[in-house]
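Structure, as structure tokens:
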Amino acid sequence: MIFEQMTLSDFRQFAGKQPIRFATEGRQNVTVIHGFNGAGKTALLNAFTWVLYNSFSDDFLDGEENASSVRLENEAAFAALEPGGCIRTSIELIFRDSGRKYTAERFIEVSKDENGTRRVVTPATATLLYVDESGEQKESHNPDETLQRMLPTRLHPFFFFNGERIERLASPKAYQEIAGGVRTLLDIELFKRAEDHLEGDMSRRLRNEITSHAGDAGRELEAERAKVDGQFEAKVKESEQHERNLAALEEDRERIDAKLDTMADLANLLTRRKEAEKLEAEIKNSIRERRQDLARELSRNGYLWLVPDVLESAQQTLTAAREKGKLPSLYRLQFVEDILDSKQCICGAELAPGSTSYAQVEGLKAQTYSDGLQDVVNKTSGGIGVLKRRVDESQGDIDRLQSQRDSLRTKLTELEEELSELSAKIGDREHGEDPARLENRRRKIDSEIVMLKEVRIPKVRKEVADFREELARLDREIRNVERADAQGQLAQRRLDAVINVGRALSRIRQLRHTELRDDLSAKLEEVWGRIAIKDYSASLDNEFRLRLTKQIDGEEVPVRGASTGEKQVLSLGFVGALGAKAQDTYEKAKKSPSAIFRGGLYPLVIDSAFGNLEVEYRREVARWMPTLAPQVIIMVSESQWRQEVEQELLSRIGAEWVMRLETTKNRSRNITLRDAEYSYVISSDDGYERTTFVEVELG
Amino acid sequence: MPESDSERQQKLRSILEELDEDERELFSKVLQAEQQKIHMSIPRNINDDLWKVLTETIR
């Protein structure tokens, strides 16, 4: 989606028709709009969100609870309206998307009755026109839905935002928003939904069809499967809820730690606690490893512990047989049978059946064993010794692992005592009420986290796995039920196809997930590394949570208490990485018609783009901003448009505008842009404020 | 070390090659149907759309 032009008609400060043209893609892809405080920068940002989504930002709503009660019409235009007259307030936006040109318009009609009261005649209504492949103009029957499809509502906070508030993306509260944005924008959500729908309703319908063609046995199986499926779904939901609760508790604990970190009195105690907690996590991990080693050893050699008597008695039997001369046998059975078949002894004498010599040779068969038995005797004789040695070794290994585990458990108990003591000291009221209250809350959170991590989550995970196994068993049984007719067989083929496609979707989604995490992290790190002054690392974790970390003793630990400016840079970096990845995917998809992932072109519209940033950050952000997206539209006040920003952006600007504000106060001033003077604020001559766009000559 | 684009493409291809022709067609039509409703938080009638796709593809 690339914006070409917007026309504001009697919308808030913008009286009459106010067209503004934007720079589109290419090297000069930046549009800069200068405006004094109150000139309408936020109103312009909201003009975009209104026309596309029928929504407004909280600061624009200004206390109004819903968008429909916001007065959008220009005050002067409404004042000039005769009783019974009507005013049409609208935003028209011309843009391109996937090779088509669109004109979107949203309007509202308001009238003034005989008493001068405002009445909404036509509530907010959207239209969407486009030019199709034949060059003919058409109207979309469902404009809101078409617009949603191009840029879903849940993505708009990433592309239309106020730069002074963008740091919220780096807060734990925005984790879900970010993860949702990445999933939707970069196709993971699409795959997940397809998987869920195939595994859910589609598979259910097909199984019903199969079993309805498979008699009573099939119906019984299906009823059982439906019951187990219900239990499985309930457990999956429970498991997801536990995970969400755990994430929320961990975020709460992080927030408490950040607050405690700011209290100088506690520095020493907090450092000791961090070290102890780190050690505690390591020990728990080691105990887990020992437990796994023990389980492995028992599964490999545990059976030998149960058979020492059998080994002993087998050895005694073999020894006794050898002592009695029964072992080893002098002759092989096959050898004796071959001689009898050939009717000639190895000494050359003839062996006629019924003769004495034939009977003597035949008598040797009683002293032989079959080849199979002989082999078993040989193997058992050799194997018993090996097995007895393995029993000894295994017992030694298990003793060693158990002793290591016990010693780790003792250390863990000591550490837990130390942590409890530290917590009591941190929460001591001698440090004040705040630390005591925070620490008390932290203790409660800690115990809830332990309960979730060590009891509830493992339990429900096991239940989910058990139900999954049970479902797989029932599916195998259903598959084996006789299907009497072609309809049942067709349903089975369809179910097989649905299962196979579902698996492919799941595997591709996992690949995409890894790809996005890696690529977005790399891009974020690149941008952050270029701009940030501090030696922190920026990345996205596996759950797409935005992380700022630093190296301490060779280990990555989260940064606590990052400044607002740092968070703003991190958030901008994330938005940029997201847009760049979507664009990269889009460009690749354009070259390959069979591409699975679509991506897209998304513009950035930023109010107060350089909000609270320090000079160093401003320069770097300005240099890098035009590379963030195919199109960048920024609104700035005079104080935000500083020398370093102008220097960096000048060669990338394709359109530049001044919002000339007419104010009721008697003051006026100019703004100097590209060595020319432009009216910035002027006095209104009719007692109403209004704003007009004035284009800056680019030269 | 992130994988290269060609490694990723190779993995993707090998997953799709495990599907037979009908299944590949189903795969692509299912994604198209989902794409049409991705903007909806609860995609209305999506199961009917998918059922139509399935019954048309696997006959």
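Exactly one residue out of A:39, A:23, A:47, A:15 is closer than 27 Å to residue B:40 by Cα and in contact with a strand residue (DSSP E or B) (Cβ under 6 Å, 6 or more places away or on another chain): that is A:47. Could you please find all residues in the range A:147-164 being within 9 Å of chain B (Cβ to nearest Cβ) and not in a loop (DSSP other than H, G, I, E, B)? The answer is A:147, A:148, A:149, A:150, A:153, A:154. Apart from one condition, residue A:41 fits all of (1) surrounded by fewer than 17 Cβ atoms within 10 Å (Cβ to Cβ); (2) within 30 Å of residue A:651 (Cα to Cα); (3) not acidic (Asp, Glu); the exception is (1). Any residue at all in the range A:325-338 that is assigned to a loop (DSSP other than H, G, I, E, B), hydrophobic (A, V, I, L, M, F, W, C) and open to solvent by 80 Å² or more (accessible area, probe 1.4 Å)? Yes, some residue in the range A:325-338 is assigned to a loop (DSSP other than H, G, I, E, B), hydrophobic (A, V, I, L, M, F, W, C) and open to solvent by 80 Å² or more (accessible area, probe 1.4 Å).
Counting residues in the range A:236-254 that are closer than 30 Å to residue A:425 by Cα, open to solvent by 20 Å² or more (accessible area, probe 1.4 Å) and at pLDDT below 85 gives one or more.
Restricting attention to the range A:215-235, the residues that are open to solvent by less than 50 Å² (accessible area, probe 1.4 Å), in contact (Cβ under 8 Å) with a residue 60 or more places away in the chain and either within 13 Å of residue A:460 (Cβ to Cβ) or out of contact with any helix residue (DSSP H, G or I) (no Cβ under 6 Å at 6 or more places or on another chain) (or both) add up to 4. Taking first residues from the range A:349-366 that are closer than 15 Å to residue A:331 by Cβ and partners that are aromatic (Phe, Trp, Tyr) and open to solvent by 50 Å² or more (accessible area, probe 1.4 Å), the Cβ contacts under 6 Å between residues at least 6 apart in sequence or on separate chains come to A:364/A:331.
Exactly one residue among A:437, A:461, A:456, A:443 is in a helix (DSSP H, G or I) and touching a His at 6+ places or on another chain (Cβ under 7 Å), and that residue is A:456.
Taking the listed residues A:560, A:494, the one that is in contact with a helix residue (DSSP H, G or I) (Cβ under 9 Å, 6 or more places away or on another chain), open to solvent by 70 Å² or more (accessible area, probe 1.4 Å) and over 24 Å from residue A:598 (Cβ atoms) is A:560, with no other qualifying.
Okay, residues lined up against (1) open to solvent by 20 Å² or more (accessible area, probe 1.4 Å); (2) in contact with a helix residue (DSSP H, G or I) (Cβ under 6 Å, 6 or more places away or on another chain):
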site: A:596; (1), (2): yes, no
site: A:605; (1), (2): no, yes
site: A:627; (1), (2): yes, no
site: A:631; (1), (2): no, no
site: A:641; (1), (2): yes, no
site: A:660; (1), (2): yes, no
site: A:663; (1), (2): no, no
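Among the residues of the range A:153-173, those that are open to solvent by less than 10 Å² (accessible area, probe 1.4 Å) and of a type outside the set (Phe, Trp, Tyr) comprise A:155, A:163, A:166, A:169.
Matching residues to (1) crowded, with 17+ Cβ neighbours inside 10 Å; (2) within 14 Å of another protein chain (Cβ to nearest Cβ); (3) free of Cβ contacts under 8 Å to residues at least 40 places away in the same chain:
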residue	(1), (2), (3)
A:414	no, no, yes
A:427	yes, no, yes
A:433	no, no, yes
A:443	no, no, yes
A:455	no, no, yes
A:485	no, no, no
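Among the residues of the range A:610-619, is any among the polar types (S, T, N, Q), open to solvent by less than 60 Å² (accessible area, probe 1.4 Å) and closer than 25 Å to residue A:57 by Cβ? No: the range A:610-619 contains no residue that is among the polar types (S, T, N, Q), open to solvent by less than 60 Å² (accessible area, probe 1.4 Å) and closer than 25 Å to residue A:57 by Cβ.
Annotation note: of A:178, A:188, the sole residue that is within 14 Å of chain B (Cβ to nearest Cβ) and touching a residue at least 40 places away in the same chain (Cβ under 8 Å) is A:188.
Of the residues making up the range A:91-122, those that are over 38 Å from the mean Cα position of the chain (by Cα) and either closer than 21 Å to residue A:48 by Cα or buried (at least 17 other Cβ atoms within 10 Å of the Cβ) (or both) number 6.
The values are calculated or read from the model by the stated rules, or taken from the named source; none is laboratory data. Worth saying up front: this structure is predicted, and the values here are computed from it rather than measured. Please note: Cβ atoms are built from the backbone with ideal geometry, for glycine as well, and neighbour counts cover all protein chains shown. Quick note on the areas: whole protein, heavy atoms, side chains included, nothing else; ligands and nucleic acids left out. Shrake-Rupley method; radii C 1.70, N 1.55, O 1.52, S 1.80 Å.
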